[in-house]
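What follows is one structure encoded as structure tokens, with my remarks underneath.
The values are calculated or read from the model by the stated rules, or taken from the named source; none is laboratory data. Please read these numbers as outputs of a predicted model, since none were measured by experiment. As a convention, Cβ positions derive from the backbone with ideal geometry for all residues, glycine included, and neighbour counts pool all protein chains shown.
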């Protein structure tokens, strides 16, 4: 496990670890869970520039494990997942649209929760400053590509211009036809097209319409040729569009159990079972209380005089 503790390694130095993971360790479910926890603890809440330092090393393993188990990801992580991981998930061979649809199916049972999560995904993706490549010696972000596709749509999607853009897109996402990992199949021919279609999906499907798309997905079942996404994309390309407007949807307040799990996965404890950074714990609880306008969150952890320990309030 120590090899998965993040260190500053070159891509060449990391090659041995990458081979071990993709050829052996990823098939061990218990070990994979442990690796994910280590990497999640490191990358969670990191700034984009900090993530990009490890883009070609530990980050790709973290992204792989996130999307391999996408349906089990926490809602509070969806923002970061859709801001930073979607392009790299495509590079690793995942069908992002299908993964997102199954996430909705298993985690959002009510229309309001479907709309809330979809709005988070859509806005995080469209506003992402994550650098996915370079063109003419300049960095290209997801937001840049989205805006270029919007312009392309409003030019009536001239077939020649679309072909030219897709060619550029493939070079940006897969420079010099490089595969993202030498231990996985080459997906460069399909990934850029799927990304192009996914942008149109997010553009064309309004927040209130996501439930209908989920129903269509379930009716069609697992669609190996991705026809549903392509149909949506084609419909959107045939209309003029404006840059998407953000819709404010109040996030659901997490349960005390979810908050406890989040805190305990973030902050380490000493040998006695007490948090080493109590100030940080209480600071985050107060921040969450303000964020969700729920003062009871700040009282979830209290000092028990009888035991002399800080305990979770089970009655809140």
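I'm trying to understand the selection: among the residues of segment 192-250, which are outside any helix (DSSP H, G or I) and either buried (at least 20 other Cβ atoms within 10 Å of the Cβ) or at pLDDT 85 or above (or both)?
Answer for segment 192-250, where residues must be outside any helix (DSSP H, G or I) and either buried (at least 20 other Cβ atoms within 10 Å of the Cβ) or at pLDDT 85 or above (or both): 205, 206.
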Of all residues making up segment 102-130, the number that are surrounded by 18 or more Cβ atoms within 10 Å (Cβ to Cβ) and at pLDDT 90 or above
17
Looking at segment 166-187 only, could you name the residues that are in contact (Cβ under 8 Å) with a residue 24 or more places away in the chain and in a helix (DSSP H, G or I)?
166, 168, 169, 171, 172, 173, 175
Against the conditions (1) buried (at least 17 other Cβ atoms within 10 Å of the Cβ); (2) modelled with pLDDT of 85 or more, where does residue 166 fall short? Just the number, please.
(1)
Subset of segment 284-312 (residues that are farther than 20 Å from residue 76 by Cβ and assigned to a loop (DSSP other than H, G, I, E, B)):
305, 306, 307, 308
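For the condition assigned by TED's automatic domain parsing to the domain that holds residue 17 and surrounded by fewer than 18 Cβ atoms within 10 Å (Cβ to Cβ), what is the one hit in 44, 83, 32?
Just one listed residue meets the conditions, 44.
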Wholly within segment 45-158, helices (runs of 4 or more DSSP H) carrying at least 2 residues that are touching a residue at least 12 places away in the same chain (Cβ under 8 Å) and within 12 Å of the chain's Cα centre (by Cα)
58-68, 78-84, 86-91, 96-107, 111-126
